[in-house]
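I have placed the structure first, in the form of structure tokens, so that the comments after it can refer back to it.
The values are calculated or read from the model by the stated rules, or taken from the named source; none is laboratory data. Here the structure is a predicted model, which is why all the values come from computation and not from measurement. Using ideal geometry, Cβ is built from the backbone for each residue, glycine included, and neighbour counts are taken over all protein chains shown. To get the accessible areas, we keep the full protein, side chains included, count just its heavy atoms, and leave off ligands, DNA and RNA. Shrake-Rupley method; radii C 1.70, N 1.55, O 1.52, S 1.80 Å.
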Amino acid sequence: MFDHLNALPADPLLGLITAFHNDPNPQKVDLGVGVYRDESGHTPIMSAIAKAQTIHLEIEDSKTYISPAGVEGFVDGVKQLVFSKDSAAYKDGRITGLQTPGGCGALRIGSELLKRLKNDNLTVWVSDPTWANHIPLIKATGLEMGTYSYFDAETGAVNFDAMDAKLATLGPSDMVLLHGCCHNPTGADLSFENWQQIATRAAKQGFIPFVDLAYQGLGNGIEQDVKGIRYLSEHIDEMIVATSCSKNFGLYRERTGSLLVQTTSQKQANAVLTQIQEAARASYSMSPAYGGYLVDHILHNDGLRNDWETELNAMARRIKDLRSGLLEKVQQRNIDKDFSFLTTQNGMFSLLGISKEQVHLLRDDYAIYMADSSRINVAGLSTNSLEYVADALKAVIS
Ligand code: LMR
């Protein structure tokens, strides 16, 4: 029965984990998959998470199923973290949501919700480029997809005029997938003015924003990183947000995320909740609860929350320092390429804008691992590896 199935190549991002692991070079540098790393290359358990685990171990006395929507305090806490407790939509009970297995689960159930709208013309538009898994995840539901222009490779910034020209053609059958902050893979984020323009267009033309928020707090701060989303929420009726706690709570393997849907009324929100719960039930039944409990403890305990915010801010600071550190080192080497985008971009990723051949040379000759697109995980650098990476870039670019 399985005879005709061929072995597939490894996932382009996840395959880098194994390739890096098997490389014996002691100087190897992992700039591949997007996980936060400390100076020693370790992905730590955040201190607030470690404390929340102890608390949870003390109080958890059952592993029976919980509500299909997941941990209630978690979903409510994330709604407030993203939209703020003072937002009109939150206060009116117009935002519904459920806990999902990571941000991927949220993107998938969000797409299942769109499928249920039974609109054959419905199209989901993603930025060109976008995170490598967006298209497979969404397309698997059978939705039509297309791309909008986004990135200006010359400047390393968003080409908003080109994006806006595409948005101008969209209407009520269109969903626009936006990166809330820390765009993956480019690091080039929309400005607040860009978000305002998107809101104006969405309100007038009727397309719906579907925001992937996987890095809140790792760009310019917990509040700052959701300014665009909050503006949308205030100025349009309906939107979808997929959140992830993988990076900002360091909960990667606990698969902790949420799907949040803003609707026009509480009645509609209640109906949407039944639909997304049913979509989840038909897919994986219910989300793992553990990560949600930990985040719930942190968001509802002042001491833990303070610990979490302090550590998250320090992580974001470290990424910014690595960005300016790498820029300084490459500038010192007079490389024939302008890397100044490193310090204007946000979050864990930057697209170096070098060829696939150069990426492979870096991997084969210097054991520096990055995606074929030349996306680097900036957090995979360390103050000790900056010189080595800059030397290698100089060698492969000249
Ligand atoms: C990444 O983009 O590297 C991360 O989001 C990990 C993943 O699942 O691809």
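Annotations
- Criterion applied to ALA165, ALA188, ALA140 was being open to solvent by 30 Å² or more (accessible area, probe 1.4 Å) and within 16 Å of the ligand (Cβ to nearest atom), and the one residue passing it is ALA140.
- Enumeration of residues in the range 31-43 that are within 14 Å of the ligand (Cβ to nearest atom) and either farther than 28 Å from ILE298 by Cβ or free of Cβ contacts under 8 Å to residues at least 12 places away in the same chain (or both): LEU31, GLY32
- Looking at VAL396, VAL330, VAL359, VAL295, just one residue is part of a helix (DSSP H, G or I) and within 19 Å of THR155 (Cβ to Cβ), and that residue is VAL330.
- Residue count for the range 143-162 under the criterion of being small (Gly, Ala, Ser), open to solvent by less than 30 Å² (accessible area, probe 1.4 Å) and in a strand (DSSP E or B): the result is 1.
- Applying the criterion of being of a type outside the set (Val, Ile, Thr) and open to solvent by less than 10 Å² (accessible area, probe 1.4 Å) to the residues of the range 252-276, the residue that is nearest to the ligand (Cβ to nearest atom) is GLY257.
- Test: residue in the range 44-58 that is away from the ligand (no atom under 16 Å from the Cβ), touching an Asp or Glu at 6+ places or on another chain (Cβ under 6 Å) and either open to solvent by less than 30 Å² (accessible area, probe 1.4 Å) or without any contact (Cβ under 8 Å) to a residue 60 or more places away in the chain (or both): yes
- 2 or more residues within 15 Å of ASP212 (Cβ to Cβ), open to solvent by less than 10 Å² (accessible area, probe 1.4 Å) and within 16 Å of the ligand (Cβ to nearest atom): qualifying helices (runs of 4 or more DSSP H) within the range 61-118: 102-115
- Residues in the range 310-324 that are open to solvent by less than 10 Å² (accessible area, probe 1.4 Å) and either touching a helix residue (DSSP H, G or I) at 6+ places or on another chain (Cβ under 6 Å) or not hydrophobic (A, V, I, L, M, F, W, C) (or both): ILE319, LEU322, ARG323.
- None of LEU5, LEU14 is exposed (fewer than 14 other Cβ atoms within 10 Å of the Cβ), away from the ligand (no atom under 16 Å from the Cβ) and among the aliphatic types (A, V, I, L, M) except LEU5.
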